[in-house]
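Just so it is clear, none of the values below were taken in a lab; they were calculated from the coordinates. On a predicted model such as this, the values are computed, not experimentally measured, just so you know. Counting neighbours? That spans all protein chains shown, and the Cβs are built from the backbone with ideal geometry, glycine included.
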Amino acid sequence: MPLLSDEQITNELKSLGGWERNENEIIKTFKTKNFVDTMGLVNKIALLAERADHHPDLGVHYSKVVINLSTHSEGGITEKDISLAKEIEEAN
């Protein structure tokens, strides 16, 4: 899968509230009410990621989840990352 251009990434991020680019990945921090809600969100993300066969790096904290998306095999951001970010947004 080809890497997205800088312009494509910028345009896609406009429709993904709160997602930002950090070099070769896109990231977002989701705030939750408590640890139980955090784990519920992590489980939702896990199911979406498994179905997409595309697995993000997750930082799990008491009341937040940090998601880092990058297509490691391509060395950057691809449509897979954007698609999974959109699915996560819809599920949240």
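Count, please, the residues in the stretch 1-47 that happen to be surrounded by 17 or more Cβ atoms within 10 Å (Cβ to Cβ) and either in contact with a Lys or Arg (Cβ under 9 Å, 6 or more places away or on another chain) or of a type in the set (A, V, I, L, M) (or both).
Within the stretch 1-47, the first condition is being surrounded by 17 or more Cβ atoms within 10 Å (Cβ to Cβ), and the residues that meet it are 4, 9, 12-13, 19, 25-28, 30, 32, 38, 41, 45.
Now drop any that are not either in contact with a Lys or Arg (Cβ under 9 Å, 6 or more places away or on another chain) or of a type in the set (A, V, I, L, M) (or both), which leaves 4, 9, 12-13, 19, 26-27, 30, 32, 38, 41, 45.
Qualifying residue count, the stretch 1-47: 12.
With respect to residue 16, is the statement that it is part of a loop (DSSP other than H, G, I, E, B) and either small (Gly, Ala, Ser) or within 13 Å of the chain's Cα centre (by Cα) (or both) true? Step through it out loud before you land on a result.
Details: part of a loop (DSSP other than H, G, I, E, B): yes; either small (Gly, Ala, Ser) or within 13 Å of the chain's Cα centre (by Cα) (or both): yes.
Yes: the conditions hold for residue 16.
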Filter result (of a type in the set (A, V, I, L, M) and part of a loop (DSSP other than H, G, I, E, B)) within the stretch 1-13
1, 3, 4
So, in the stretch 42-68, how many residues would count as being under 18 Å from residue 78 (Cβ atoms) and among the basic types (Lys, Arg)?
1
Would you mind stating whether residue 7 is under 13 Å from the mean Cα position of the chain (by Cα) and on the phi < 0 side of the Ramachandran plot?
no
When only residues in the stretch 65-75 that are within 18 Å of residue 16 (Cα to Cα) and not β-branched (Val, Ile, Thr) count, which is surrounded by the fewest Cβ atoms within 10 Å (Cβ to Cβ)?
68
The stretch 22-92: strands (runs of 3 or more DSSP E) wholly inside it with 2 or more residues that are within 21 Å of residue 10 (Cβ to Cβ) and within 12 Å of the chain's Cα centre (by Cα) are 25-31, 64-69
Residue pairs, Cβ under 7 Å, 6 or more apart or interchain, first in the stretch 70-92 and touching a residue at least 12 places away in the same chain (Cβ under 8 Å), second of a type in the set (D, E, K, R) and in a helix (DSSP H, G or I). List them.
70/81; 71/80; 71/81; 82/12; 91/44
